[in-house]
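Take a look at the structure below.
The values are calculated or read from the model by the stated rules, or taken from the named source; none is laboratory data. It should be emphasised that the depicted structure is a prediction, and the values quoted were computed from it without experimental measurement. Cβ: placed from backbone, ideal geometry, glycine included. Neighbour counts: every protein chain shown. Protein only, heavy atoms only, side chains kept; ligands, DNA and RNA dropped before computing areas. Shrake-Rupley method; radii C 1.70, N 1.55, O 1.52, S 1.80 Å.
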Amino acid sequence: MKKLLVIVILPVLIIVLGYLIVDSISKPVRFNQEQKRRQAVAIERLKDIRTLQVAYKTQFGQFTDNLDTLLDFYYNGHISVIRQVGSWDDSLAVAQKRVFRETINIPVRDSLLKHSGFMIDSIRYIPFSGGKEFEMAAAIRTVSGVPVPLFEAVASFDYLLRGLDRQSIVNLKADFLDRTGTPGLRVGSVEAPNNNAGNWE
C-alpha cells in the first residue's frame with residue numbers, strides 16, 4: 001500500500017497541484033488579454049457612434065438617444081459642406097466674381113466611417129454580447145445659462161466580457177466605476193460636457 005501511494009497517487013497529486021498552480025497564475029493573464037481584445041472592438045464601435053452623433057448634431061442641432069434614428073441618418077442623411085472656389089485674398093478674382101462659396105449636400109454613408117472593417121449593421125450591438133445593444137441617452141443641459149446638447153453611449157462589462165471569469169469582471173467594473181463613474185465603457189456624458197470623450201481616453 002505504501003509503495004502504491006508513492007508510485008501512483010503521489011505523482012498524480014503533484015501533477016494536479018502543479019496544474020492548479022499554473023492555472024491560477026495564468027487565469028488573470030488570459031482574462032487581461034481577452035478583455036483588451038474585446039475592449040478594442042467595443043471602443044471602435046463607440047468611436048463610430050460618436051462620429052455619427054457629432055454629424056447628426058451638426059445637421060439637427062441636438063443628439064439622438066435612438067440607435068434606429070442614427071442608422072436612418074447614416075443611410076438617408078446628408079451633411080452640408082461649404083465649398084469655396086478661389087481666394088478672397090485675390091482682389092482681381094474677387095472683382096471678376098470668380099470667388100464664391102456654395103453649399104454641397106453629401107450623403108452621410110459616402111463621407112463618414114470609411115475605415116476598413118466597418119459594418120453599419122453591427123454598430124448598435126455590443127461585441128461578444130450575444131446581441132445586446134449599446135445603451136444610449138441624449139439630453140440638453142444648461143451650462144452657464146447656455147443650453148448644451150449632450151449624449152452618451154455605454155457598453156456594460158457584464159455584456160462585453162460575457163463568459164469570462166466572473167470575479168475578474170466584478171473587479172474591473174468596480175475599478176471603472178471608481179475612476180470614471182460607469183461600470184463599463186462609455187463615450188460622452190449626459191451629466192456634464194466632456195467633449196464627447198471616452199472613459200478609456
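Quick look at the values:
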{"item": "Test: Arg109 is of a type outside the set (A, V, I, L, M), open to solvent by 40 Å² or more (accessible area, probe 1.4 Å) and not in a loop (DSSP other than H, G, I, E, B)", "result": "yes"}
{"item": "Considering residues of the stretch 152-196 that are small (Gly, Ala, Ser) and out of contact with any strand residue (DSSP E or B) (no Cβ under 9 Å at 6 or more places or on another chain) only, the residue least open to solvent (accessible area, probe 1.4 Å)", "result": "Ser168"}
{"item": "Any hit, the stretch 62-83, residues being closer than 29 Å to Ala192 by Cα and exposed (fewer than 10 other Cβ atoms within 10 Å of the Cβ)", "result": "yes"}
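For every residue, the table says whether it meets (1) surrounded by fewer than 17 Cβ atoms within 10 Å (Cβ to Cβ); (2) more than 30 Å from Ile169 (Cα to Cα).
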position	(1), (2)
Lys36	yes, no
Arg50	no, no
Val54	yes, yes
Ser91	yes, yes
Ile104	yes, yes
Lys114	yes, yes
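Matching residues to (1) in a strand (DSSP E or B); (2) touching a helix residue (DSSP H, G or I) at 6+ places or on another chain (Cβ under 8 Å); (3) without any contact (Cβ under 8 Å) to a residue 60 or more places away in the chain:
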position: Ala137; (1), (2), (3): yes, no, no
position: Thr142; (1), (2), (3): yes, no, yes
position: Ala153; (1), (2), (3): yes, yes, no
position: Leu164; (1), (2), (3): no, yes, no
position: Val170; (1), (2), (3): no, no, yes
position: Lys173; (1), (2), (3): no, yes, yes
position: Asp178; (1), (2), (3): no, no, yes
position: Val187; (1), (2), (3): yes, yes, no
